[in-house]
Amino acid sequence: MSASSPDFASLGSLNWALTHTLRFRENDIFPHSFEYEAYKSQWTEVLDHLQKIDLSAHEVGCSLKLLAPKGKWGYRIATQLDPFDHLLYTAMVHEAAPAIEGFRIAKEKKIACAYRLESGLCTSQRQTQK
């Protein structure tokens, strides 16, 4: 069994992840975590730490999981990642976004219920299925 080669988030993607999170929050369900403002104030040190995490060996830390209402009678499991894990995951999404967008149904068809990447940021308005 061979060990995989290390994989690290890029400086640009980590910076994008923090900027994006501060602008749009982590998710649509939970309140914005205070940690991101603290990270912003100490970003050089936080960035140094995040850049050293080998994503191929990283184990996701604790996350908050709750039942959230969905529709009139249903529920879904809502998860809020640890703030460090959220920044790493968001940085990975940023790096993969051009390839992902290339496989998506054209926005003009208006049949996808998802956020889109436009001008380097995910749009704040989700395109919903009609």
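Being touching a Leu at 6+ places or on another chain (Cβ under 6 Å) and not aromatic (F, W, Y): is that true of Q80 here? Criteria met by Q80. Do the conditions hold for E26, that is, is it surrounded by 10 or more Cβ atoms within 10 Å (Cβ to Cβ) and in a loop (DSSP other than H, G, I, E, B)? Yes, satisfied.
Being touching a helix residue (DSSP H, G or I) at 6+ places or on another chain (Cβ under 9 Å) and in a loop (DSSP other than H, G, I, E, B) is the filter here, so list the residues in segment 35-57 that pass it. Listed by number, the residues that qualify are I53, L55. The residue pairs whose first member lies in segment 9-23 and is surrounded by 14 or more Cβ atoms within 10 Å (Cβ to Cβ), whose second member is in a helix (DSSP H, G or I) and of a type in the set (V, I, T), and whose beta carbons are closer than 7 Å, counting only pairs six or more residues apart or on different chains, are A17/T90; H20/T90; T21/T90.
Residues in segment 49-60: is at least one touching a residue at least 40 places away in the same chain (Cβ under 8 Å), surrounded by 12 or more Cβ atoms within 10 Å (Cβ to Cβ) and of a type in the set (V, I, T)? Among the residues of segment 49-60, at least one is touching a residue at least 40 places away in the same chain (Cβ under 8 Å), surrounded by 12 or more Cβ atoms within 10 Å (Cβ to Cβ) and of a type in the set (V, I, T), which makes the answer yes.
Among the residues examined, A112 does not qualify as of a type in the set (G, A, S) and either at pLDDT 85 or above or not in a loop (DSSP other than H, G, I, E, B) (or both).
Are any residues in segment 70-103 among the β-branched types (V, I, T), in contact with a Ser or Thr (Cβ under 7 Å, 6 or more places away or on another chain) and not in a strand (DSSP E or B), and if so, which ones? Once the filter is applied, which keeps residues that are among the β-branched types (V, I, T), in contact with a Ser or Thr (Cβ under 7 Å, 6 or more places away or on another chain) and not in a strand (DSSP E or B), segment 70-103 yields only T90.
Out of L88, L64, L81, report the one residue that is under 24 Å from L14 (Cβ atoms), modelled with pLDDT of 90 or more, surrounded by fewer than 15 Cβ atoms within 10 Å (Cβ to Cβ) and among the hydrophobic types (A, V, I, L, M, F, W, C). Within the list L88, L64, L81, the selection yields L64.
The values are calculated or read from the model by the stated rules, or taken from the named source; none is laboratory data. None of these values were measured; they are calculated from a predicted model. Counting neighbours? That spans all protein chains shown, and the Cβs are built from the backbone with ideal geometry, glycine included.
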